[in-house]
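Undergrad: Got a structure here, written out as structure tokens. Questions coming.
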Amino acid sequence: MTTAELTTPAPAGTTGGARRSRRATATYLAGRGTEYAIVLALALVINFALPRALPGGPLRTLGGGENVGALSTEDQQRILAEYGLDRSLWEQFLTYLGNVFTLDLGTSFADGQPVLDSITQALPWTMLLVGSSIVCTALIGVALGTWAGLRRRRGKGSGLLSTALLFDSIPSFWLGMLFIAFFGVYLGAFPTFGVGSGWDDPTSLAHHLVLPVLTLTLTGFGQLFLVTRASMLSVLAADHIEHARARGVPPGRLLRRHALRPALLPVHTVLMMEIGFLVGGALVVETVFAYPGLGRVTFDAIQARDFPLMQGTFLVLTVAVVAMNALADATYALIDPRVRTAAIT
């Protein structure tokens, strides 16, 4: 490259286009960031209000269970004051916000353990369960959806569609109990609760994970299957696919090079959202199988009216769902250039 070429300014159109692109990207990111900030703010308000809207109150835990009625008024006031529950809701909310932003989620009413410690102990188990289910759900949903989309053109695959719709409509807790009764009690093939020896025995842990993961996968793959199937049918009917087929492109190459990637674009978004649904479904499945994750912790906290622990687990689950949606937004533009082009225009 010559000196003249180095010193020659870039064409005005190119520079202006780059500036517009940066401005459009910044505007898009700012808009999405504002939306997520609003969602998180609303989640914090709801997270604070929901535990206090439940019937009963924390005195059942703090004051000795069912004997709370035997406490004098002075003892009840003393217990509430000790945990800051005697103040107005507005003061409690401001204290709650301050603690959230400093990662001080309070102390459990039930066992006196810091809420953050309870969450960090249970979170790896939930991540293991949900992560295993996500992999299985993605593989089964996308593979079967692609296969059903290809077979649909030959008038087949309706049985698989009916099966997916059936599992998509079954409540996870009911399917989990069926698995416990059949595979655990009747056949005795799999353990039905806990995690065995835990991390110390991976084989036993994997054996204990089979039924919870199978329950989450079967109740979660239906939506992914349906979207993949519909997307594949839409892509296979497109003009460029018909032209490639008319040119004699082999079916395998036609699928890999021309159909699969555009068909997976909506699947990507649904998969990111499905992660949030699987996290919510894990709460029920963990309770059914007595699995030591966030779901079990949340269930125990609700039973005990343990406000700090309920707020902490709800907050973590809310942030997880919002983070998955943000990740879907961020990665979708990477796999679909049309999104970046639309942001500029």
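Undergrad: What is the Cα coordinate range of region 213-305 on the first, second and third principal axes, sorted by size from largest, in whole angstrom?
TA: Computed over the Cα atoms, the extents are 67, 20, 15 Å.
Undergrad: Please list the radius of gyration and Dmax for region 73-229, considering alpha-carbon atoms only, with Å as the unit.
TA: Spelled out, the Cα radius of gyration and Dmax of region 73-229 are 22.9, 77 Å.
Undergrad: Can you work out the Karplus-derived ³J(HN,Hα) for every residue in region 32-37? Use 6.51 cos²θ - 1.76 cosθ + 1.60 with θ = phi - 60°, whole Hz, and x for glycine or proline.
TA: Calculated HN-Hα couplings, in order: 5, x, 5, 4, 5, 5 Hz.
Undergrad: Still on this model: Mind putting a number on the dipole of region 114-203 about its Cα centre? Charges go on the C-beta only, +1 for Lys and Arg and -1 for Asp and Glu, and I need it in Debye to the nearest 20.
TA: Taking the Cα centre of region 114-203 as origin, the dipole is about 900 debye.
Undergrad: Given a Förster radius of 35 Å and the C-beta distance between Gln121 and Arg151 as r, what FRET efficiency does 1/(1 + (r/R0)^6) yield to the nearest 0.05?
TA: 0.15
Undergrad: How big is the C-alpha Rg of region 170-243 next to the rule-of-thumb value 2.2 N^0.38 Å, as a ratio?
TA: That ratio works out to 1.67.
Undergrad: Regarding region 76-126, what is the average projected area of its C-alpha convex hull, in nm²?
TA: 4.3
Undergrad: For region 279-284, what does the Karplus curve 6.51 cos²θ - 1.76 cosθ + 1.60, with θ = phi - 60°, yield as ³J(HN,Hα) per residue in whole Hz, taken in order and with x for Gly and Pro?
TA: 4, x, x, 5, 4, 6
Undergrad: Another question, then. Evaluate E = 1/(1 + (r/R0)^6) for Ala30 and Leu327, where r is the Cβ-Cβ distance and R0 equals 22 Å; express this FRET efficiency to the nearest 0.05.
TA: 0.75
Undergrad: Moving on to the next point. At a 10 angstrom cut-off on C-beta neighbours, averaged per residue, how do the peptides 201-207, 118-124 rank from highest to lowest? Walk me through the intermediate numbers first.
TA: Numbers: 201-207: 13.3, 118-124: 16.7.
Per-residue Cβ counts within 10 Å, averaged per peptide and sorted highest first, yield 118-124, 201-207.
Undergrad: List every residue whose amide H lies under 5 Å from the amide H of Thr107, counting only residues 5 or more places away in sequence or on a different chain, with H placed 1.01 Å from N in the peptide plane.
TA: Val115
Undergrad: Let me ask another. Tabulate in residue order the Karplus-calculated ³J(HN,Hα) for region 291-306, using 6.51 cos²θ - 1.76 cosθ + 1.60 with θ = phi - 60°, rounded to whole Hz; enter x for Gly and Pro.
TA: 3J(HN,Hα) across region 291-306, in whole Hz: 8, x, x, 5, x, 5, 5, 5, 4, 5, 5, 5, 4, 8, 6, 8.
Values in this text are rule-based calculations from the coordinates and carry no lab data. Being a predicted model, the structure only gives us computed values, none of them experimental. Cβ sites come from the backbone with ideal geometry, for glycine too, and all protein chains shown count toward neighbours.
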